[in-house]
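Colleague: Dropping the structure in here first, questions after.
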């Protein structure tokens, strides 16, 4: 279970308990009491799970899709209530000009299409395509109705 799981679980517990922080903390205690492993990263969590540790893995779709592309037999769901994690990028003032060029490239259709291929949701409108390993390759990224922005 990756580190990002805690804020998502806590946010869920706050939502279903009308903002009751004690109830949310109690939920997290129960949640983690039932965890059989807490690897340091999403990739380590997936490796542990596919090696037979645990019955359920709570992780990211961009881990499940490439795992399936690489022959792992696993099911995954995108729940209606989920955490949207946006990873910022920046160029420092003292960086070489190529750093800004690279950052600009990341937001091109070409780069976003590459991200899409490996199970990452594009952040540029209009970048679509089939994604092998997704539950529905023609519609690989279902909308999450209650997505909460994470940090």
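Colleague: I'd like the full set of residues that are closer than 22 Å to residue 16 by Cβ, at pLDDT 80 or above and exposed (fewer than 13 other Cβ atoms within 10 Å of the Cβ), limited to segment 61-83.
Modeller: Result: 77, single match.
Colleague: I'd like the full set of residues that are exposed (fewer than 14 other Cβ atoms within 10 Å of the Cβ) and without any contact (Cβ under 8 Å) to a residue 40 or more places away in the chain, limited to segment 115-135.
Modeller: Correct list: 123, 125, 126, 129, 130.
Colleague: Specify the residue that is farthest from the chain's Cα centre (by Cα); the eligible residues are those in segment 84-106 that are surrounded by 10 or more Cβ atoms within 10 Å (Cβ to Cβ) and closer than 21 Å to residue 60 by Cβ.
Modeller: 106
Colleague: Looking at (1) more than 17 Å from the chain's Cα centre (by Cα); (2) farther than 28 Å from residue 116 by Cβ; (3) outside the structural domain of residue 122 (by TED's automatic domain parsing), which is the only condition residue 72 fails?
Modeller: That leaves (2) as the condition not met.
Colleague: In segment 14-24, which residue that is assigned to a helix (DSSP H, G or I) and in contact with a helix residue (DSSP H, G or I) (Cβ under 8 Å, 6 or more places away or on another chain) is nearest to residue 55 (Cα to Cα)?
Modeller: Looking at the filtered set, the residue picked out is 24.
Colleague: Here's something else I'd like to know. Answer yes if at least one residue in segment 6-22 is exposed (fewer than 12 other Cβ atoms within 10 Å of the Cβ) and either at positive phi or under 19 Å from the mean Cα position of the chain (by Cα) (or both), and no otherwise.
Modeller: Scanning segment 6-22, I find at least one residue that is exposed (fewer than 12 other Cβ atoms within 10 Å of the Cβ) and either at positive phi or under 19 Å from the mean Cα position of the chain (by Cα) (or both), so the answer is yes.
Colleague: Looking at this structure, is residue 90 outside any loop (DSSP other than H, G, I, E, B) and outside the structural domain of residue 16 (by TED's automatic domain parsing)?
Modeller: The answer is no for residue 90.
Colleague: If a residue must be in contact with a helix residue (DSSP H, G or I) (Cβ under 9 Å, 6 or more places away or on another chain) and either within 30 Å of residue 122 (Cα to Cα) or modelled with pLDDT of 95 or more (or both), how many such residues does segment 28-40 contain?
Modeller: Final tally of qualifying residues: 2.
Colleague: State which residue is nearest to residue 118 (Cα to Cα) when the search covers only segment 50-69 and only residues that are assigned to a loop (DSSP other than H, G, I, E, B) and in contact (Cβ under 8 Å) with a residue 12 or more places away in the chain.
Modeller: Among those that are assigned to a loop (DSSP other than H, G, I, E, B) and in contact (Cβ under 8 Å) with a residue 12 or more places away in the chain, it is 60.
The values are calculated or read from the model by the stated rules, or taken from the named source; none is laboratory data. It should be emphasised that the depicted structure is a prediction, and the values quoted were computed from it without experimental measurement. Neighbour counts run over all protein chains shown; Cβ positions are idealised from the backbone, glycine included.
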